[in-house]
1. Say we join alpha carbon atoms closer than 10 Å with springs in a Gaussian network model of the chain; which of Gly90, Gly58, Gly78 then has the biggest fluctuation?
2. With r as the distance between the Cβ atoms of Glu7 and Phe27 and R0 = 35 Å, compute the FRET efficiency 1/(1 + (r/R0)^6) and round to 0.05.
3. Would you work out which of Thr96, Ile3, Val138 lies farthest towards the positive end of the dipole of the chain, given +1 charges on the beta-carbon of Lys and Arg and -1 on that of Asp and Glu, about the Cα centre?
4. Give the angle, between 0 and 90 degrees and rounded to the nearest 10, that separates the Cα long axis of helix 32-49 from the longest principal axis of the Cα atoms of the chain.
5. In Å, what Kirkwood hydrodynamic radius results for region 10-138 from the alpha-carbon pair distances?
6. Distance from a point 7 Å along Cα→Cβ of Phe122 to each backbone N in region 39-58: keep the residues under 12 Å and list them by number.
7. Grab the other residues whose beta carbon is less than 14 angstrom from that of Ser15, score K and R as +1, D and E as -1, and report the net.
8. Taking the Cα centre of region 88-135 as the origin, how large is its charge dipole in debye, to the nearest 20, when only Lys and Arg (+1) and Asp and Glu (-1) carry charge on their Cβ atoms?
Amino acid sequence: MRIEIPEQKKFIYQSSVPIRWGDMDAFNHVNNTVYFRYLEICRLDWMRSIGYVTNLQGEGLLIVNAFCNFYRQLTYPGDVLVKMYASDPGRTTFETWATMELASDPGVIYAAGGSTAIWVDFPSQKARALPDWLRTYVS
């Protein structure tokens, strides 16, 4: 099943991630699981860039689902340019989307993925309303 990235989305961040030799598998291409790591690296870089610091005694973001569509194989060496977008902020959640291309092959999408992020109170493990400061980034 292919999940399509929506037309209506807001660009919020981009990150360059080096492909490591160890990211490759026996088929001599980046293992599918590593694409999720690239998405995570970009998401965490974005969160740091807006001043968010995880506080397990307070509130923060959790990912409740994730997907990735694979279009072309990535191989070592190279740098993956991950472009992150947000859309559909709700009361407690918003969607994140990302495209992945090689820095040496700009404009060609090698993979695209995304996730649903939910704002939670970590100690009680309950959803909370997105804070206004975060909503300004994802709306």
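Nothing in this text is a laboratory measurement; each read-out follows from the coordinates by a stated rule. Just so we're clear, the structure is a prediction, and the values are computed from it rather than from any experiment. All Cβ positions, glycine included, derive from the backbone under ideal geometry; neighbour counts span all protein chains shown.
1. In this elastic network of the chain, the residue with the biggest mean-square fluctuation among Gly90, Gly58, Gly78 is Gly58.
2. Working: r = 33 Å, r/R0 = 0.95.
Computed FRET efficiency for Phe27 and Glu7 comes out at 0.60.
3. Val138
4. Compared with the principal axis, the helix lies near 50 degrees.
5. Working: mean 1/r = 0.0648 Å⁻¹.
One over the average 1/r among Cα pairs gives 15.4 Å for region 10-138.
6. What the label zone holds, given the 12 Å backbone N cut-off, is 53-58.
7. Values: positive: Arg37, Arg43, Arg48, Lys83; negative: Glu40, Asp45, Asp79, Glu101.
Taking every other residue near Ser15 into account, the sum is 0.
8. Working: 4 positive and 6 negative charges, 68 e Å.
So the dipole magnitude of region 88-135 works out to roughly 320 debye.
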